[in-house]
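Structure, as structure tokens:
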């Protein structure tokens, strides 16, 4: 049976080899089929298994995984080359798994289908180069970046606003001085020199999916000559409950300034939003390098602010855009710390919101970072750490040591450096070290192993108790050895049994013996009588009388 | 023999370590407040002609959104972040046909942006630990759903009827977000 099976398999395998040869290489299979997707462009590439120039064409089908409805892949029907572009395929969406298959054809002969591993287009797609427009100022370059793919892109429709752009910029004269910056779609690169040719290239990234795209081509642009009216610098905002004070630096007198603000989220949206910048009232045509405006003018939120200077000679370019958090009452409550010892060399810190901050209205919440002070209880050496997370661990600590922690909350990226007061100090001891741990483990192991020993000892003890108080009827083994004879053994052993045939009455021992003797005498007499049967007539009476006389005598003796 | 097994079991119970869970109390608190604010803002937007809602659309709402209880903390954070991102994306589109207040929409966007800023460092850390390319199905399903919403808006040329439907969808999304924040426990 097995041999038959083996033979059939051999034949089938051989048949597969033989058949293509027999049909004269008509059924060429496509090999190494690969899918390349860049933005909304879908490519299929493969190798032909034959190098000869023949009328071999290829066709491909596709279907959604799970359905059973193969459709023709547009752009990949009866193609003679070894690649095709099926971008015109109308996929309902790119988040479903697709199956592809391709085969070779020559005349009426077709090869078997080569099935490609099912894939999700969105996960396979590579990020293409973004489109970049540049505008030059004297010390900055304005970037206008369009996301990869077209406006109608299906691939990136859900992620258009999530792209971040990485720009590499260098001076054309010396490519050594490279600078890389991460920018928003509408952003500026500052700190450049006037009248220099700068070159740059941009790539798009989806940082939260760890995906990086291709670089755009290199673009070069000349920065303009230095403008007569410089831009204001070093913008700062200080806020208290009533007013906000905006300050900046400017080298010259007799200048008027105006300030504008923009809601921060607009930076994420591609496309020009120059119309979204709004004038800060009270900061229009001011002649000092500061302006004051009421807090109420601004709803709580995150903003960008920029300032422009103008004098008789013209207007400056806009200053650097600074990000600010503007809140009503910038009261930051101290956080609540809890310490937990996990292992002998680490402590886990949890930062929580205090009760008062839980009761605060929601508009007063903003991203906080924590300044954590950490020290060993016995020493005064303090370690200061800035943490954005609310859970973190201190490592490389000493076992069985008390460490203390206190922290205060700060507003992230805030120029004011506004912070809460310090939280209460919390101290915790680290767990015992490895040596103690191993002693502990050793202790447990000995306890484990000693348990059966203990059980055994207890059993022995119980056995001893049984032996003493409830002895068994078996004799010691030495006795056994000594007496090997069975009946004698019975004699000694069965003390309770009575041998009735050997039980004598001691009192009448003498009479009994005498009686025994008389009996013997009688027997003798009887013998005599029997022997002297001839004389029996004469002596019989005398014998009888003598016997009885003797007995009477004795009896009389006894009674005396 | 049974005694021996029992002893082992007892030992195992006594010395099993309890798993450490992250403390997300601050985050949960911020999330919940944020969702409440967003819901209030959404309700300020007038719901235009009711007949627009009579047309049943199949946006392929993900199964995960219908049953919230299957999420672990880390997955919940990824899902929350994705949803905030996508709702933000929808609200940046052209709603001029609705006559809705720009201020209200901008307040919504500000709130969503603020929440995403809070979540971003945690989201980054989780993504670095997980391997996204293994295809986090929940995220893919969400993207498909929001893609369908976007395509619907586009096909209806951003008219007020389409936006009314969007508003209903977003209210449902925020309810789901609220339940998700319950998974960020202490």
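Would you confirm whether or not the stretch A:287-300 contains a residue that is in contact with a helix residue (DSSP H, G or I) (Cβ under 9 Å, 6 or more places away or on another chain) and surrounded by 14 or more Cβ atoms within 10 Å (Cβ to Cβ)?
Looking for residues that are in contact with a helix residue (DSSP H, G or I) (Cβ under 9 Å, 6 or more places away or on another chain) and surrounded by 14 or more Cβ atoms within 10 Å (Cβ to Cβ), one finds at least one in the stretch A:287-300, hence yes.
Looking at the stretch B:27-52, which of the residues that are assigned to a loop (DSSP other than H, G, I, E, B) and at pLDDT 75 or above is nearest to the other protein chains (Cβ to nearest Cβ)? Please lay out each step first, then the result.
Residues of the stretch B:27-52 that are assigned to a loop (DSSP other than H, G, I, E, B), as a first pass: B:45-49.
Then keep just the ones that are at pLDDT 75 or above; that gives B:45-47.
On the way: B:45: 17, B:46: 21, B:47: 24 Å.
The qualifying residue nearest to the other protein chains (Cβ to nearest Cβ) is B:45.
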Of all residues in the stretch A:149-168 being part of a strand (DSSP E or B) and surrounded by 20 or more Cβ atoms within 10 Å (Cβ to Cβ), the one that is farthest from the other protein chains (Cβ to nearest Cβ): A:167
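Only one of these is surrounded by 12 or more Cβ atoms within 10 Å (Cβ to Cβ) and either more than 18 Å from residue B:173 (Cα to Cα) or more than 15 Å from the chain's Cα centre (by Cα) (or both): B:98, B:103. Name it.
Working: B:103 fails: surrounded by 12 or more Cβ atoms within 10 Å (Cβ to Cβ).
Exactly one of B:98, B:103 is surrounded by 12 or more Cβ atoms within 10 Å (Cβ to Cβ) and either more than 18 Å from residue B:173 (Cα to Cα) or more than 15 Å from the chain's Cα centre (by Cα) (or both), namely B:98.
Listed here are the residues, each with its yes/no results for (1) touching a strand residue (DSSP E or B) at 6+ places or on another chain (Cβ under 7 Å); (2) more than 25 Å from residue A:95 (Cβ to Cβ); (3) more than 10 Å from every other protein chain (Cβ to nearest Cβ); (4) in contact (Cβ under 8 Å) with a residue 40 or more places away in the chain.
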residue: B:87; (1), (2), (3), (4): no, no, yes, yes
residue: B:107; (1), (2), (3), (4): no, yes, no, yes
residue: B:110; (1), (2), (3), (4): yes, yes, no, no
residue: B:122; (1), (2), (3), (4): no, no, no, yes
residue: B:141; (1), (2), (3), (4): no, no, no, yes
residue: B:144; (1), (2), (3), (4): no, no, no, yes
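Residues checked against (1) away from chain B (no Cβ under 14 Å); (2) under 29 Å from residue A:143 (Cα atoms); (3) in a strand (DSSP E or B); (4) touching a residue at least 24 places away in the same chain (Cβ under 8 Å):
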| position | (1), (2), (3), (4) |
| --- | --- |
| A:244 | yes, no, yes, yes |
| A:247 | yes, yes, yes, yes |
| A:251 | yes, yes, no, no |
| A:258 | yes, yes, yes, yes |
| A:262 | no, yes, yes, yes |
| A:267 | no, yes, no, yes |
| A:291 | yes, no, yes, yes |
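Do we find that residue A:178 is farther than 25 Å from residue A:208 by Cα and either in the same structural domain as residue A:46 (by TED's automatic domain parsing) or in contact with a helix residue (DSSP H, G or I) (Cβ under 8 Å, 6 or more places away or on another chain) (or both) in this structure?
Numbers: farther than 25 Å from residue A:208 by Cα: yes; either in the same structural domain as residue A:46 (by TED's automatic domain parsing) or in contact with a helix residue (DSSP H, G or I) (Cβ under 8 Å, 6 or more places away or on another chain) (or both): no.
Spelling it out, it is not the case that residue A:178 is farther than 25 Å from residue A:208 by Cα and either in the same structural domain as residue A:46 (by TED's automatic domain parsing) or in contact with a helix residue (DSSP H, G or I) (Cβ under 8 Å, 6 or more places away or on another chain) (or both).
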Some residue of the stretch A:279-290 being under 25 Å from residue A:226 (Cα atoms), assigned by TED's automatic domain parsing to the domain that holds residue A:238 and within 44 Å of the chain's Cα centre (by Cα): no
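Pick out, from the stretch A:46-148, the strands (runs of 3 or more DSSP E) lying fully within it that include 2 or more residues that are more than 30 Å from residue A:217 (Cβ to Cβ) and touching a strand residue (DSSP E or B) at 6+ places or on another chain (Cβ under 7 Å). Steps first, please.
Working: elements: A:57-64, A:83-85, A:98-106, A:114-119, A:131-136, A:141-146.
Qualifying strands (runs of 3 or more DSSP E): A:57-64, A:98-106, A:114-119.
Among the listed residues A:320, A:284, which satisfies the condition of being away from chain B (no Cβ under 14 Å), outside any loop (DSSP other than H, G, I, E, B) and under 28 Å from residue A:256 (Cα atoms)?
Numbers: A:320 fails: outside any loop (DSSP other than H, G, I, E, B).
Just one listed residue meets the conditions, A:284.
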Selection status of residue A:27, modelled with pLDDT under 90 and surrounded by 16 or more Cβ atoms within 10 Å (Cβ to Cβ): yes
Single residue of the stretch A:260-281 satisfying the filter (closer than 25 Å to residue A:250 by Cα and out of contact with any helix residue (DSSP H, G or I) (no Cβ under 8 Å at 6 or more places or on another chain)) that is surrounded by the most Cβ atoms within 10 Å (Cβ to Cβ): A:261
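Can you name the residue in the stretch A:88-110 that is farther than 30 Å from residue B:143 by Cα and surrounded by 16 or more Cβ atoms within 10 Å (Cβ to Cβ) and, of all such residues, is farthest from the chain's Cα centre (by Cα)?
Step one: filter the stretch A:88-110 for residues farther than 30 Å from residue B:143 by Cα, giving A:103-110.
Right, trim to surrounded by 16 or more Cβ atoms within 10 Å (Cβ to Cβ) and you get A:103-106.
On the way: A:103: 43, A:104: 46, A:105: 50, A:106: 53 Å.
Filtering first and then ranking leaves A:106.
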Only listed residue being within 14 Å of chain B (Cβ to nearest Cβ), under 29 Å from residue B:151 (Cα atoms) and either touching a helix residue (DSSP H, G or I) at 6+ places or on another chain (Cβ under 9 Å) or at pLDDT 90 or above (or both), chosen from A:73, A:44, A:123: A:123
Of all residues in the stretch A:132-148 being under 24 Å from residue A:93 (Cα atoms) and more than 14 Å from chain B (Cβ to nearest Cβ), the one that is surrounded by the most Cβ atoms within 10 Å (Cβ to Cβ): A:148
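The values are calculated or read from the model by the stated rules, or taken from the named source; none is laboratory data. These figures come from a predicted structure and were not determined experimentally. No Cβ is skipped: glycine too gets one built from the backbone with ideal geometry, and neighbour counts run over all protein chains shown.
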